[in-house]
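Notes for the one structure printed next.
The values are calculated or read from the model by the stated rules, or taken from the named source; none is laboratory data. Everything quoted here is computed from the prediction, not taken from an experiment. In this analysis, Cβ positions are derived from the backbone assuming ideal geometry, glycine residues included, and neighbour counts consider all displayed protein chains.
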Amino acid sequence: MGRFVLRRLLQSVVVLLGVTLVVFLLLQLVPGDPVRVALGTRFDQQTYDALRERSGLDRPLVVQYLSYVGHALTGDLGVSFRSGQPVTTIVLERLPATLSLAVTAVLLALLVAFPLGVLSAVRSGSFVDHAARVFSQFGVSVPDFWTGIMGILLFAGVLGWLPPSGYVALTDDPAGWASHVALPATAVGLVTASILTRFIRSSVLEVLAEDYVRTAEAKGLRRRVVVVRHVLRNALIPVVTVVGVQLASLVGGVQLASLVGGVIVIEVLFAWPGIGRLTYDAVQARDYPVLQGAVLFVATLFLLTNLLVDVLYARLDPRIRLR
Amino acid sequence: MTRSRIIAAALAVALTGLAGCSAGESVDVDGGSTAAGSAGGTLTAAIGGEPDQLDPHRTSAYYSFQVLENVYDTLVEPDADLKMGPALAAKWTTSSDQLTWTFTLREGVRFSDGSPLTAQDVVYSYQRIINEKLNAAYKFATVKTVTAPDPATVVITLTAPTPNLLANLGGFKGVAIVQRSNVESGAIKTRPVGSGPFTVASYTSGDTIKLTRNDAYWGPKPKLDGVTFTFVKDPTVALQNLRGGEVQWTDNLPPQQVPALKEDGAVTVATTPSTDYWYLALNEARKPYDDVNVRRAVAFALDREAITKAAKFGQATANQTAIPKGSSWYYDYTPYRHDPDQARQLLGQAGVTGRTLDLMVTSEYPETVTAAQVIAAQLKDVGITVKIRTLDFAQWLDEQGKGNFDAFLLGWLGNIDPDEFYYAQHRTGGTFNFHGYSNPAVDTLLDQARTQTDEGVRRQTYERAAKQIVDDASYIYLYNPDVVQGWSAKVTGYQVRTDRAIRFRDVTLNR
C-alpha cells in the first residue's frame with residue numbers, strides 16, 4: 001500500500017502542474033485588467049504603467065508562467081495583487097473557517113441523510129420513503145442562499161436566537177463558533193443532505209436486490225440483522241466516495257456534478273472569512289496570484305481526498321486490493 | 001469491526017456538532033462587543049466589503065478609506081461643508097505669485113507608536129506618491145518640490161498656480177502622512193501606523209479590522225475605546241446585524257427599506273445629499289452619438305425623476321448638472337425637461353431612426369442596472385431600442401478603456417473641487433474621457449480655471465464650462481444620491497458627511 005500511495009502522490013504532482021497551466025491560460029482569457037481594477041477610476045497613465053510593471057504583468061506570458069511555476073515548486077505562490085500579502089499565508093488563514101463550515105455541513109447532512117436514506121430504501125414505497133423523496137427534491141431544488149436568507153430572517157430577525165452573520169474561531173470560543181456556524185452550515189447541509197439521501201437510498205436499494213441478501217433472509221435472519229450486517233456494509237462503500245467528494249467540493253466551492261453549489265455564495269452571504277469568499281473577492285479584483293493559489297490548493301485537496309477515499313475503500317471492502 | 005467503528009465515530013462527531021449548534025441560543029445579541037468597565041466601549045461597524053489593503057497610498061477602495069479615515073491624518077482636511085481647514089498643518093501662507101506654499105505643522109504631533117511626526121514625514125509621504133507614481137500622483141501634477149527647512153515647516157513649490165492645492169492635499173486619506181519605517185518594513189499593508197484618532201490593533205483577513213484609541217492623538221481624545229469593522233456584503237444581513245445589536249453602525253442598508261426604517265425608529269437612519277453624481281455617457285467616437293442633437297435628444301427623452309425613484313427609492317435628487325444644490329459649486333441650470341416630442345424631433349433632424357443602443361452597466365453598482373431598465377423603457381418611447389449589457393466591474397472597465405460601448409452609466413464619487421470632476425472627464429484627452437468628448441472652448445475654460453487664483457473668476461469660468469458641458473450633453477447627468485447611514489440608539493455624536501468620510505472620533509457609545 002505504501003508504494004501505491006507514493007505512486008499516486010507522484011502522479012498528483014503532474015496533475016497539479018497541469019492545473020496551474022490550465023488556470024493560467026483561463027485567466028488570460030477572462031476579460032478584465034487587474035491593474036485598472038486596482039487603481040479604480042482616478043489615476044493617470046504613468047501610475048497605470050508603474051503598477052503594471054511592479055505587478056510583473058508587462059512581461060511576456062511565457063515568462064510570467066514559468067516564473068510562477070518556478071516559484072510554486074519551492075512553495076512560493078507569489079503575493080496578492082490587491083493586498084501585497086503572500087498567497088500561501090492568505091489561503092492558510094482562510095482555511096480553518098471553510099473547513100469548519102464544510103465539515104459541520106457534511107456531518108449535519110449525514111445525520112439527516114443516513115437514517116432517512118436507509119429507512120426510505122428499506123421501507124420503499126412507504127410514507128417515510130415518500131417524505132424522504134420530497135425532502136431531497138426540495139433540498140436540491142431550493143438554492144442555498146435562499147434558505148440562508150430565510151434562516152437569517154427567522155432565527156436572527158424574528159426569533160433573535162442566532163447571530164445573522166460573522167465568524168468566531170472554534171479554538172477561541174466553541175459556543176460562539178457553534179452559534180455562528182449553525183445557520184450557514186444548515187443552509188449548505190440541506191443541499192448536501194438531499195444529495196446524500198438520494199444516493200444512500202439508491203445504494204441500499206441496489207444491495208437489497210442482491211442474491212446474498214435473499215439468501216440471508218432465506219436462512220431466517222431477522223430483517224434488522226440483514227440490513228445492518230449485510231446490506232449497510234456493502235451499500236456504504238460508494239457512499240464514502242460521495243461524502244469525500246462532497247466535502248472536498250464544499251471546501252473548494254466547485255460546481256461538482258452540477259449539484260453542489262459549494263460554499264462561495266454562503267460564505268459571501270454570511271460574511272464567513274473562508275476560501276470561498278477569498279475566491280469571490282479575488283475574481284472581482286482579477287487577483288490572479290490569489291486565484292491561482294486558491295485553485296491549486298483546492299486541487300491538492302481534491303487529490304488527497306480521492307487518495308484517502310481509495311485507501312478507505314480497501315479497508316472497507318476486502319475484495320479491493322491497492323496496487 | 002473497522003467499518004462499524006468508522007460509522008459510529010462519524011455519528012458521534014455529528015452529534016457533537018449538533019449539540020454545539022443548539023448552544024447558539026445563548027448568544028449575546030445585546031452588543032457583545034461593548035467591553036464592560038471601560039470608558040467608551042467598542043463600536044462595531046459593518047461595511048459592505050473588505051479593504052484590499054491598508055496602505056493609504058496604494059489602495060483605491062472605498063472600503064479601505066472607510067477604515068483609514070480614522071487612522072490617518074492629512075495636512076489639511078475638509079470640514080462639514082467641504083471647506084479645507086487645518087489638520088496636521090496648523091496654518092499656511094501663500095507667496096504672492098501663488099507658487100510657494102508654506103505650511104506650519106501643529107506642535108507635538110506623534111504617530112500612534114509614539115514617534116514624532118515632523119515635516120520630514122510629510123516630505124517623505126509626498127515624495128513616495130510622486131516618485132513611485134502611486135494612485136494619487138496626479139494630484140501632485142503641478143508640484144515642483146517639497147522640502148522641510150525645519151521640523152515644523154513644509155514648503156511646497158509649484159510649476160503653476162494651483163488654487164485647489166488644499167483639496168489635493170487633504171481631500172481624502174489617499175494623500176495621508178505615513179511613517180517611513182512602517183512603509184519600509186512592509187507592515188503598512190496590514191498594520192499601518194498613522195497619527196489619527198485610532199490605530200489598527202489587528203486585521204483578520206476576511207473577518208474584522210480592530211482599531212483601538214490612539215492615546216497620543218493630537219486632537220480631542222476619542223471617547224470610544226475602539227472601533228471594529230466587519231465586512232457584510234449583503235445589505236439585508238447588515239440590517240439584521242444592526243437590528244440585533246451585533247453591530248452599531250452600518251452604511252450598507254437595503255435602499256428599498258430605508259423609508260420604513262426611518263419611520264420605525266428602532267435604529268437611527270440619517271441621510272444627507274452627497275456630492276456624488278451618476279450620469280449617462282454616450283460614445284462620441286461612434287456615430288450617431290458624435291452628433292450633439294442625438295445626444296440632446298436622449299437628454300430630452302429621459303425622465304430623471306422616474307430614473308431616480310427606481311434606482312434609489314427616493315434617496316437621491318434628480319439633477320441636470322454635476323453637483324447638488326447646497327454644495328458650494330452648485331450651478332443652477334436645467335435646460336432639459338422630459339419631452340419625448342422634442343426628442344423625436346431632434347432625432348428626426350439627425351436622420352436617426354430605428355436605432356439600437358448598447359448600454360453598458362456594472363453589477364458592482366446595482367443602481368446602474370435598475371436605472372438602465374428605466375432608461376431603456378424611456379428611450380423605446382422615442383424609437384431607440386436599448387440593449388443592456390451587465391458586466392462585472394473588471395470587465396466593464398476593460399470595455400470602457402477599449403471604447404467598446406454606445407453608452408455607459410457610472411457615478412463619480414467624493415467630489416470636492418470642480419477640477420477633479422470636470423478635467424479628467426471633459427477635457428480633450430482627459431484620463432477619464434473615455435466617451436471621446438472634445439470641445440476646444442471647454443478645454444480652454446478648464447485649463448484657465450485650473451490655475452485661476454481669483455475665486456470669483458474661477459467660479460464663473462467653471463459655470464461657463466458646466467453650461468457648455470450640459471448643452472453639449474457630454475455627460476447626461478441624472479442624479480445626486482443621498483449618503484444613507486444607520487446606527488443604533490446607543491450611538492451619539494456621529495455626523496453623516498456629504499463626502500462619505502466616516503469619522504468615529506467624536507462618537508460616544510451609551511450603555
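Structure values in brief
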| quantity | calculated |
| --- | --- |
| Pairs, first farther than 30 Å from residue B:140 by Cβ and within 7 Å of chain B (Cβ to nearest Cβ) in the stretch A:25-45, second charged (D, E, K, R) and in a helix (DSSP H, G or I), C-beta under 6 Å, six or more apart | A:31/B:398 |
| Filter result for residue A:81 (assigned to a loop (DSSP other than H, G, I, E, B), at negative phi, at the interface with chain B (Cβ under 10 Å from one of its Cβ atoms) and under 31 Å from the mean Cα position of the chain (by Cα)) | yes |
| Any hit, the stretch B:479-486, residues being surrounded by fewer than 23 Cβ atoms within 10 Å (Cβ to Cβ) and either over 28 Å from residue B:240 (Cβ atoms) or over 18 Å from the mean Cα position of the chain (by Cα) (or both) | no |
| Single condition residue B:54 does not satisfy, out of (1) farther than 27 Å from residue B:273 by Cβ; (2) more than 14 Å from chain A (Cβ to nearest Cβ); (3) touching a Pro at 6+ places or on another chain (Cβ under 6 Å) | (2) |
| Criterion (more than 13 Å from residue A:266 (Cα to Cα), more than 14 Å from chain B (Cβ to nearest Cβ) and not in a helix (DSSP H, G or I)) met by exactly one of A:124, A:202, A:120 | A:124 |
| Residue within the stretch A:105-115 that is farther than 29 Å from residue A:276 by Cα and either assigned to a helix (DSSP H, G or I) or within 12 Å of chain B (Cβ to nearest Cβ) (or both) present | yes |
| Filter result for residue A:260 (at pLDDT below 85 and assigned to a helix (DSSP H, G or I)) | no |
| Those residues of the stretch B:396-444 which are in contact with a Pro (Cβ under 7 Å, 6 or more places away or on another chain) and surrounded by fewer than 20 Cβ atoms within 10 Å (Cβ to Cβ), in sequence order | B:398 |
| Answer from A:226, A:298 - the residue that is of a type in the set (Val, Ile, Thr), within 30 Å of residue A:71 (Cβ to Cβ), at pLDDT below 85 and crowded, with 19+ Cβ neighbours inside 10 Å | A:298 |
| Residue in the stretch A:47-54 that is more than 14 Å from chain B (Cβ to nearest Cβ) and in a helix (DSSP H, G or I) present | no |
| Residue A:63 vs. criteria closer than 28 Å to residue B:175 by Cβ, more than 8 Å from chain B (Cβ to nearest Cβ), in a helix (DSSP H, G or I) and out of contact with any strand residue (DSSP E or B) (no Cβ under 7 Å at 6 or more places or on another chain) | no |
| Pairs, first more than 24 Å from residue A:77 (Cα to Cα) in the stretch A:1-18, second hydrophobic (A, V, I, L, M, F, W, C) and surrounded by 12 or more Cβ atoms within 10 Å (Cβ to Cβ), C-beta under 8 Å, six or more apart | A:1/A:311; A:1/A:314; A:1/A:322; A:4/A:322; A:5/A:307; A:5/A:311 |
| Tabulated pairs, the stretch A:168-184, first more than 8 Å from chain B (Cβ to nearest Cβ), second of a type in the set (Asp, Glu), C-beta under 8 angstrom, 6+ apart or interchain | A:184/A:267 |
| Selection from the stretch B:77-125 of residues that are of a type outside the set (A, V, I, L, M, F, W, C) and touching a Leu at 6+ places or on another chain (Cβ under 8 Å) | B:98, B:100, B:106, B:110, B:118 |
| Condition broken by residue B:281, with the remaining ones in (1) modelled with pLDDT under 95; (2) within 30 Å of residue B:469 (Cα to Cα) satisfied | (1) |
| Failed item in (1) touching a residue at least 12 places away in the same chain (Cβ under 8 Å); (2) more than 13 Å from chain A (Cβ to nearest Cβ), with residue B:243 passing the rest | (2) |
| Residue ranges of strands (runs of 3 or more DSSP E) in the stretch B:42-141 with at least 3 members in contact with a Gly (Cβ under 9 Å, 6 or more places away or on another chain) | B:42-47, B:76-78 |
| Candidate set from the stretch A:150-167 (those that are among the hydrophobic types (A, V, I, L, M, F, W, C) and within 9 Å of chain B (Cβ to nearest Cβ)); member that is nearest to residue A:271 (Cα to Cα) | A:152 |
| Residues being touching a Lys or Arg at 6+ places or on another chain (Cβ under 8 Å) and either loosely packed, with under 14 Cβ neighbours inside 10 Å or more than 16 Å from residue A:82 (Cα to Cα) (or both) - total across the stretch A:28-60 | 4 |
| Residues within the stretch A:281-298 that are more than 17 Å from residue A:267 (Cα to Cα) and small (Gly, Ala, Ser), tallied | 2 |
| Residue within the stretch A:167-175 that is among the small types (Gly, Ala, Ser) and farther than 20 Å from residue A:97 by Cα present | no |
| Unique residue being out of contact with any Pro (no Cβ under 6 Å at 6 or more places or on another chain) and surrounded by 24 or more Cβ atoms within 10 Å (Cβ to Cβ) when the list is A:195, A:237, A:266, A:275 | A:275 |
| Exclusive hit being away from chain A (no Cβ under 14 Å), under 18 Å from the mean Cα position of the chain (by Cα) and surrounded by fewer than 24 Cβ atoms within 10 Å (Cβ to Cβ), set B:255, B:259 | B:255 |
| Which listed residue, of B:236, B:230, is within 13 Å of chain A (Cβ to nearest Cβ) and either touching a strand residue (DSSP E or B) at 6+ places or on another chain (Cβ under 8 Å) or in a strand (DSSP E or B) (or both) | B:230 |
| The stretch A:273-293 residues that are under 14 Å from residue A:38 (Cβ atoms), paired with ones that are among the β-branched types (Val, Ile, Thr) (beta carbon under 6 Å, 6 or more apart) | A:282/A:290; A:285/A:37; A:286/A:37; A:289/A:87; A:290/A:87 |
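Residue-wise test of (1) modelled with pLDDT under 95; (2) within 12 Å of chain A (Cβ to nearest Cβ); (3) under 14 Å from residue B:465 (Cβ atoms).
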| residue | (1), (2), (3) |
| --- | --- |
| B:348 | yes, no, no |
| B:351 | yes, no, no |
| B:361 | no, no, no |
| B:381 | yes, no, no |
| B:405 | no, no, no |
| B:414 | yes, yes, no |
| B:420 | yes, yes, yes |
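Yes/no matrix, rows are residues, columns are (1) touching a residue at least 40 places away in the same chain (Cβ under 8 Å); (2) touching a strand residue (DSSP E or B) at 6+ places or on another chain (Cβ under 8 Å):
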position	(1), (2)
B:447	no, no
B:452	yes, no
B:455	yes, no
B:459	yes, no
B:462	yes, no
B:473	yes, yes
B:487	yes, yes
B:491	yes, yes
B:506	yes, no
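Residues are listed down the side, and each one gets a yes or a no for (1) crowded, with 18+ Cβ neighbours inside 10 Å; (2) more than 30 Å from residue B:405 (Cβ to Cβ):
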site: B:230; (1), (2): yes, yes
site: B:238; (1), (2): yes, yes
site: B:244; (1), (2): yes, yes
site: B:269; (1), (2): yes, yes
site: B:281; (1), (2): yes, no
site: B:285; (1), (2): no, no
